[in-house]
Amino acid sequence: MPRRRGLTVRSVARGALALLLVGAGVSHLTWGRRGYRIVVPGWATRMLHTDKDAIVVASGAVEMILGTALITLPRERRRIGAVIAVFFVAVFPGNVHQWRTGRAAPGLNTDRARFLRLFLQLPLVAWAWWATRDR
């Protein structure tokens, strides 16, 4: 059966996910860079033998690369989607750390916002997985 061309719900979802990732990556490298250091737990710097700023910059670069790859490498879509889902899981401990310490970061200035942010991670993982599958 021939493949349909044109916009589908999944292709729009992929495009939106790519924009989200690139936008988040840019924020990690620019206006939000200093604030995002708060999200990095101390154990991560010890485990990776680096500082919080390097982790923020690296995660921002990874987000921009993944977002760009999602659009520019359509044949690798499934693999990229899996990597994005894993990335969302990998950064979750930072969200937990931020909630537990009660420290503000860009867009997360209240305990309620930090707590609700924890529940966003599962839909992000599901979005990455679903949007990059053919069916």
Across the stretch 36-63, what is the number of residues that are in contact with a Gly (Cβ under 6 Å, 6 or more places away or on another chain) and either over 16 Å from residue 24 (Cα atoms) or modelled with pLDDT of 95 or more (or both)?
2
In the stretch 114-125, how many residues are among the aliphatic types (A, V, I, L, M), in a helix (DSSP H, G or I) and open to solvent by 30 Å² or more (accessible area, probe 1.4 Å)?
3
Are there any pairs with C-beta distances below 9 angstrom linking a residue in the stretch 71-96 that is at negative phi to a residue that is open to solvent by 50 Å² or more (accessible area, probe 1.4 Å) and acidic (Asp, Glu), with the two at least 6 apart or on different chains, and if so which?
77/134; 78/134
Look at the stretch 26-70 and say how many of its residues are out of contact with any helix residue (DSSP H, G or I) (no Cβ under 9 Å at 6 or more places or on another chain), aliphatic (A, V, I, L, M) and under 20 Å from residue 103 (Cα atoms).
0
Within the stretch 126-135, count every residue that is open to solvent by less than 70 Å² (accessible area, probe 1.4 Å) and in a loop (DSSP other than H, G, I, E, B).
2
Has the stretch 64-71 got at least one residue that is at pLDDT 95 or above and among the small types (Gly, Ala, Ser)?
yes
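The values are calculated or read from the model by the stated rules, or taken from the named source; none is laboratory data. All values derive from a computational prediction rather than experimental measurement. Here the Cβ is made from the backbone with ideal geometry for all residues, glycine too, and neighbour counts use every protein chain on show. To get the accessible areas, we keep the full protein, side chains included, count just its heavy atoms, and leave off ligands, DNA and RNA. Shrake-Rupley method; radii C 1.70, N 1.55, O 1.52, S 1.80 Å.
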